[in-house]
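Enquirer: Have a look at this one before I ask anything.
The values are calculated or read from the model by the stated rules, or taken from the named source; none is laboratory data. These numbers come from a predicted model, not from an experiment. Glycine also receives a Cβ, built like all others from the backbone with ideal geometry; neighbour counts cover every protein chain displayed. Note: accessible area is taken over every heavy atom of the protein model, side chains too, but ligands, DNA and RNA are not part of it. Shrake-Rupley method; radii C 1.70, N 1.55, O 1.52, S 1.80 Å.
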Amino acid sequence: MDEENPERKLYADEEDEDDDAWEEMEGDGGVEGSANTNEWSSKCLFCPEWFASPQQTFGHCKEVHDLDIIEVHRCFGLDCISYIKLINYIRSKGSPASDITQCCWENTQPWDDDKFMQPASSSDALLVFDIESHLEAQGHMINDRLKETVSKGLTPEEHQELLDRLRAAEQRTSRAEEALARSIEDLNKMRALSERLLHADPETDTNFPLKQRNVADDNAYFDSYAHHSIHLDMLKDSIRTASYRDFILQNQNIFKNKVVLDVGCGTGILSMFAAKAGAKQVIAVDQSEIIYQAMDIVRENKLEDKITFVKGRLEDKELPVDKVDIIISEWMGYFLLFESMLDTVLYARDKHLVEGGVVYPDLTTISLVALGDMDTYTEKVKYWDNVYGFKMSCMRTPLLEEASVSYASSEHVMSEPAMIKCIDVTSTNVRDLDFTTDFKLVMSRTDTCTALVGYFDVIFERNCTKTVMFSTGPRAPDTHWKQTVFYLKKPIELSEGEVLTGRISCRKDPDDCRSLIVTFDIEGETLTYYVR
């Protein structure tokens, strides 16, 4: 029986929505694009049994295996990402329920590692289950349980167990307060560093690449966004635009009476969503000439009293307010980091965001999969071996040195995904955006690997009553970002279950900081590609 692809399930309903569907929000606790989680079958975390829904799976775990996942979620105060790591940890390690219970008593989280963001199963309904909405709907309250227990009377053993739990809770609270104090100290250090960088010598400053951009190159970059066609492509990308719309309009509590900064506003679509969600004021910034059309669009929709436009590079402009509560931006480029627009978002965060403010989207990840598509490889790469009887192998070199931005067919994906980078936009810094990491790709079928494919996922999660996420992967619906394909010089024969290990390095191109240089070390060979 064919297993349903969870990524396509996630977006299937969204593609069929009318443009005004956001007006009919019902907040029933489901996953974005698939509100009815009862239709999703899921396997028990500790035995082979299957159930009709995640709720039934959790009930089975509690009754048969004596582990309440809901209580574990509450015990550690897990967020969306930590919950996903917990599920993947249990699946990948085959941990018995008793091990997780022991973690609760010892207050340890062995799953708190980014490697557990990689799904242990490609179709795990528990990973896309909105547990936080489920918690709210079920109304689980620890105080009610304690009152019920006390009203029945406690044995000495039960009384001692309750005291132990209370002491453990006090210890967790104390550690949380200490962590908060360290975070505040780190924030103050970051502010001091930001002020120093703002006043650094542009000729010698190596910590803030924004200061080193060539003005002519930057003007060419912004000019490219003045054309109608690029905005048409982005707006017609329903996965992109509808995800931002749904995040903003289904989490209006976040935007109510807040001051919002839209970095790189383009046509002003995100600014108008924010205004509709109840923002007190929206400041929309863009250097491109498209901002003049955005002004007309806002007037046409009678939102000029809520939205203020600022034309220019954000790094060079003064805003009409000193601080904002929320920053929104659609900054993602090919392979996530192409164009380096995130640098500007981080600059805005450090200079203009109030303490406790949030940048959205707040989480992004980059992943790799192996591709086995010999037909395309022959068409693009091997073609130059014999062109009407002549060898033109030198024509192959540019193709093998420059990443291809194209759609990779899901039927040619031959491995499970491997996440290589997770970015928390609230806390990361510019230097962290250049990275090197090892990866392992586990083959899901036997084939000849002709390329590695990179893509990214985007998550709106912090403070949200309704978490929204989307993927640009080959198994997800198509987006205008497509995928980033790195063709191999020498295809590699790999069998099902075999593991392809390697190392990837991603950094800004020193000659063009909006472009990327990506280097792979695999099978004893170093391969370098440009993303531009």
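Enquirer: Enter the accessible area of ASP296 (Å², nearest 10), with the probe set to 1.4 Å and all protein chains included.
Expert: The value for ASP296 is about 80 Å².
Enquirer: Taking a threshold of 26 Å on the Cα-Cα distance, which of the pairs LYS421/LYS482; LYS382/LYS421; LYS115/LYS380 fall above it?
Expert: In this structure, LYS382/LYS421; LYS115/LYS380 lie more than 26 Å apart at Cα.
Enquirer: Would you kindly state how much longer the chain becomes between ALA176 and GLU49 on full extension, computed as 0.36 nm times their sequence separation minus their alpha carbon distance, in nm to one decimal?
Expert: In short, 42.0 nm is gained.
Enquirer: Where does each of PHE255, PHE338 land when they are ordered by accessible area, with a 1.4 Å probe and the largest first?
Expert: PHE338, PHE255
Enquirer: Just to be sure I understand the model, the point goes 7 Å from the Cα along the line to the Cβ. What's the resulting GLU498 to GLU71 distance in nm?
Expert: Simple spin-label model gives 4.8 nm for this pair.
Enquirer: Here is a further query. Among the listed pairs LYS280/LYS317; LYS43/LYS236; LYS391/LYS440, give every one whose C-alpha distance is greater than 26 Å.
Expert: Beyond 26 Å: LYS43/LYS236; LYS391/LYS440.
Enquirer: If you don't mind, another one. With a Förster radius of 35 Å, plug the Cβ-Cβ distance of ASN257 and SER427 into 1/(1 + (r/R0)^6) and report the FRET value to the nearest 0.05.
Expert: Given R0 = 35 Å and the Cβ-Cβ separation, E is 0.85.
Enquirer: Below 8 Å between Cα atoms, with a sequence gap of 6+, how large is the relative contact order for the stretch 385-471 in percent?
Expert: With pairs under 8 Å counted, the relative contact order is 22 percent.
Enquirer: Could you go through the stretch 314-329 in sequence order and give the Karplus-derived ³J(HN,Hα) for each residue, using 6.51 cos²θ - 1.76 cosθ + 1.60 with θ = phi - 60°, rounded to whole Hz, and x for Gly and Pro?
Expert: So the Karplus estimates, Gly and Pro as x, are 4, 5, 9, 10, 9, 8, x, 10, 6, 10, 10, 8, 9, 10, 10, 6 Hz.
Enquirer: Grab the beta carbon distance between THR437 and SER92, set R0 = 22 Å, and tell me the FRET efficiency rounded to 0.05.
Expert: 0.75
Enquirer: Continuing with this model, one more query. Which shape class, rounded, prolate or oblate, goes with the stretch 232-372 when its Cα gyration tensor gives a ≥ b ≥ c as root eigenvalues, a/c under 1.5 marks rounded, and past that a/b bigger than b/c marks prolate?
Expert: In terms of gyration-tensor shape, rounded.
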